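See below for the structure under consideration.
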Amino acid sequence: MRRMTWVAVASLLLAAVGIAPVSGQASRDALHRPFDELLDLYVRDGLVYYNALRSDRSRLDAYIASLDGPRAAGVDSWPQEDQIAFWLNAYNAWVLRAVIDHYPIRGRAANYPPGSIRQIPGVFDRTKRRIAGRSLTLDEIETTVLPAFRDPRLYLALGRGALGSGRLRSEAYLGSRLGAQLDAVAREFVTNGHLFRIDETANVIHVTPIVSWREQDFVAAYAGAAPDRYAQRSPVERAILAFVLPSLLPHEIAFVEKNEFAVRFREFDWRLNEMGARR
């Protein structure tokens, strides 16, 4: 008889005592459980209790270490939903780590608010992080890892440590729940004034610059789905309209269907998304 692997033996032993072996999906979700607990404790409506998180940083540090440990090995071979959840959580965790490493932030760069994450030199474009055996900046995660998944909603799921970002969730992304979580990100887009706002008086739709930063991705994913009445608009405007129409209220749809508005990209709000910040 062929020798059984230790995995097979372990599965038989667990079955014998009535315990089901942990599936690959459950194991991959479990990797993010510590981060899920931290977000549940320290994030409310997208705002972060940074001072409290700093006092509990050992758990965040342990989670971040696990993202470059044995349990993260082979992430590129995981199902796509698990890969996406991994990279979104890695990005968001490292942003939180960057902030608490410098909190309270007191910078002097004139182009950004004094407490902004952008006051931390090189936080997005120069500082390398070790993740799943790779050395990456936060910008490289956004521009070289996430585009492969061809889902622009991912850019709205990144917590950039700023009020202008999509809302940082009070839960980790999980492969088993990713579809519902990203659907919620899309629905919340039109209710977040930093991302989208209709000014009917001025006949203007204001849109986050995140869409313009990742214009190619949004156009590829959504422009072709825009109704024919918007055929004369630019590709990125058609993409925006196709993206938001399913989530608009009836009076907003009526305004949009008149097709008499201008689309303007607003300035990104780099104020720190800390508890007590005014939206």
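The values are calculated or read from the model by the stated rules, or taken from the named source; none is laboratory data. Worth saying up front: this structure is predicted, and the values here are computed from it rather than measured. All Cβ positions, even for glycine, are placed from backbone atoms using ideal geometry, and neighbour counts span all protein chains on display.
Which one is surrounded by the most Cβ atoms within 10 Å (Cβ to Cβ), of the residues in region 182-224 that are of a type in the set (S, T, N, Q) and at negative phi?
Filtering region 182-224 for residues of a type in the set (S, T, N, Q) gives 191-192, 201, 203, 208, 212, 216.
Now narrow it down to the ones that are at negative phi: 191-192, 201, 208, 212, 216.
Numbers: T191: 12, N192: 19, T201: 6, T208: 25, S212: 13, Q216: 13.
Checked region 182-224; the qualifying residue surrounded by the most Cβ atoms within 10 Å (Cβ to Cβ) is T208.
Scan R153, R97, R130 and give me the residue that is within 24 Å of T208 (Cβ to Cβ), charged (D, E, K, R) and either in contact with an Asp or Glu (Cβ under 8 Å, 6 or more places away or on another chain) or surrounded by 15 or more Cβ atoms within 10 Å (Cβ to Cβ) (or both).
On the way: R97 fails: within 24 Å of T208 (Cβ to Cβ); R130 fails: within 24 Å of T208 (Cβ to Cβ).
Exactly one residue qualifies, and that residue is R153.
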Out of curiosity, is R169 buried (at least 16 other Cβ atoms within 10 Å of the Cβ) and charged (D, E, K, R)?
yes
Among (1) touching a Pro at 6+ places or on another chain (Cβ under 6 Å); (2) free of Cβ contacts under 8 Å to residues at least 24 places away in the same chain, there is one condition A148 misses while meeting the rest; what is its number?
(1)
Given (1) under 24 Å from D151 (Cβ atoms); (2) under 21 Å from the mean Cα position of the chain (by Cα), where does G74 come up short, assuming only one miss?
(2)
Can you tell me which condition G115 does not meet? The list is (1) touching a residue at least 40 places away in the same chain (Cβ under 8 Å); (2) in a loop (DSSP other than H, G, I, E, B); (3) surrounded by 22 or more Cβ atoms within 10 Å (Cβ to Cβ), and all the others hold.
(3)
Six or more apart or on different chains, Cβ atoms under 8 Å: show the pairs whose first residue is in region 27-55 and assigned by TED's automatic domain parsing to the domain that holds P79 and crowded, with 19+ Cβ neighbours inside 10 Å and whose second is part of a helix (DSSP H, G or I) and of a type in the set (K, R).
L31/R71; L38/R59
Take the residues in region 249-279 that are touching a residue at least 40 places away in the same chain (Cβ under 8 Å), assigned to a loop (DSSP other than H, G, I, E, B) and over 22 Å from the mean Cα position of the chain (by Cα), then tell me which one is nearest to F196 (Cα to Cα).
F261
Counting only helices (runs of 4 or more DSSP H) wholly inside region 145-222, the ones holding at least 3 residues that are out of contact with any strand residue (DSSP E or B) (no Cβ under 7 Å at 6 or more places or on another chain) and polar (S, T, N, Q) are none
If we ask which residues in region 45-77 are closer than 22 Å to A184 by Cβ and not in a loop (DSSP other than H, G, I, E, B), their number turns out to be 2
Does region 125-137 contain any residue that is in the same structural domain as L31 (by TED's automatic domain parsing), out of contact with any strand residue (DSSP E or B) (no Cβ under 8 Å at 6 or more places or on another chain) and part of a helix (DSSP H, G or I)?
no
Is it true that some residue in region 78-86 is outside any helix (DSSP H, G or I) and in the same structural domain as Y49 (by TED's automatic domain parsing)?
yes
